[in-house]
1. First measure r as the distance between the Cβ atoms of Tyr141 and Glu38, then evaluate 1/(1 + (r/R0)^6) with R0 = 51 Å and state the FRET efficiency to the nearest 0.05.
2. Taking 0.36 nm per residue of sequence separation and subtracting the Cα-Cα distance, how much length would be gained by fully extending the chain between Glu46 and Asn184, in nm to one decimal?
3. For Phe247 and Lys103, calculate 0.36 nm times their separation in residues minus their Cα-Cα distance, and state this gained length in nm to one decimal.
4. Between Lys126 and Glu93, with labels modelled 7 Å along Cα→Cβ, what's the label distance in nm to one decimal, could you check?
5. Where both residues lie in the chain, what percent of DSSP beta bridges are antiparallel, nearest 5?
6. Go through Trp110, Trp21 and list them by solvent-accessible area, largest first, probe radius 1.4 Å.
7. Among Phe70, Phe150, Phe167, which one moves the most in a GNM of the chain with springs linking Cα atoms closer than 10 Å?
8. Can you give the angle from 0 to 90° between the axis of helix 89-98 and the longest principal axis of the chain, with both taken from C-alpha atoms, to the nearest 10?
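The values are calculated or read from the model by the stated rules, or taken from the named source; none is laboratory data. Bear in mind that the values here come from a model prediction, so they are computed numbers and not experimental data. Methodologically, a virtual Cβ is constructed for each residue, glycine included, from the backbone with ideal geometry; neighbour enumeration extends over all protein chains shown. To get the accessible areas, we keep the full protein, side chains included, count just its heavy atoms, and leave off ligands, DNA and RNA. Shrake-Rupley method; radii C 1.70, N 1.55, O 1.52, S 1.80 Å.
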Amino acid sequence: MNEELKKLLPPTSYLLPEFLWLASYALDLSSSQIMAREKFSDDEIEKINSLIKRRENHEPLQYIMGVADFYGRDFEVGEGVLIPRHDTETLIEAAKKYFLPEKKFIFLDWGTGSGCIAVTLLLEFKNSFAFMLEKSHDAIYYAKKNLERFNLKDRAEIISEIPQKNFDLIISNPPYIPSHEIKNLMPEVKNFEPELALDGGIDGMNFYRLIFSQAKHVLKSDGYIILETGNLEQVSALKNLDGNFIFEDEFLDTGNFPRCLVFRRNEK
């Protein structure tokens, strides 16, 4: 690394791996082009430093750069929308186990946020149609942008109330963090990401209960619910939460935690 770049490196050690990304984004150059530069203009240095300061204030890198990777694709994100996590990709893997690629089906993405789950399913299942449930105006803005980004506006509908449909699948990464734990989250999360997308009530189970209570009215008799989970207590409670649904399967994340649970409608 040349001396000019070393002068720009932030003193905060955890920022070092991200420096080239920020510099590349600021100047619209590749990392190799940045590394090869011998001099930077005052304007370029100011652009880089402005992004570094935002990151030093713990603003998420994804908000600064405007995109987040999910299932190998870049999704537009920004203030007011939950940043897609790789753990959530287990929901996609679960859907791919229970639905054939050519299957024609409609699904409800409950709390769609950026739309990363719905968009990914629409791209993986070419004959599917998505209803994307969301009440946050900020999140809806990004969900629309991502539908446009992947040319999927004709295969999805963003909604604020649950329609009277017979869904084949309800899929969700709901708010599941117990209210009292919000204050203990990383500053990138608690200070920037929307609490509406994080806070699941006293035990983190509020939205799970709501999803199950509504699902029996709008899910087909052979339909599935696929849910992301937050802790082992929730995993245990969910498996026996509602007799209308049978626990079917679980999917582990990269840390071997049961991040995703699958339920099948109990045909009595």
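1. Given R0 = 51 Å and the Cβ-Cβ separation, E is 0.80.
2. Using 0.36 nm per residue and subtracting the Cα-Cα distance, I get 46.3 nm.
3. Here the answer is 49.6 nm.
4. 2.6 nm
5. 45 percent
6. On the way: Trp110 25, Trp21 130 Å².
I get Trp21, Trp110, largest accessible area first.
7. Largest GNM mean-square fluctuation: Phe150.
8. 30 degrees
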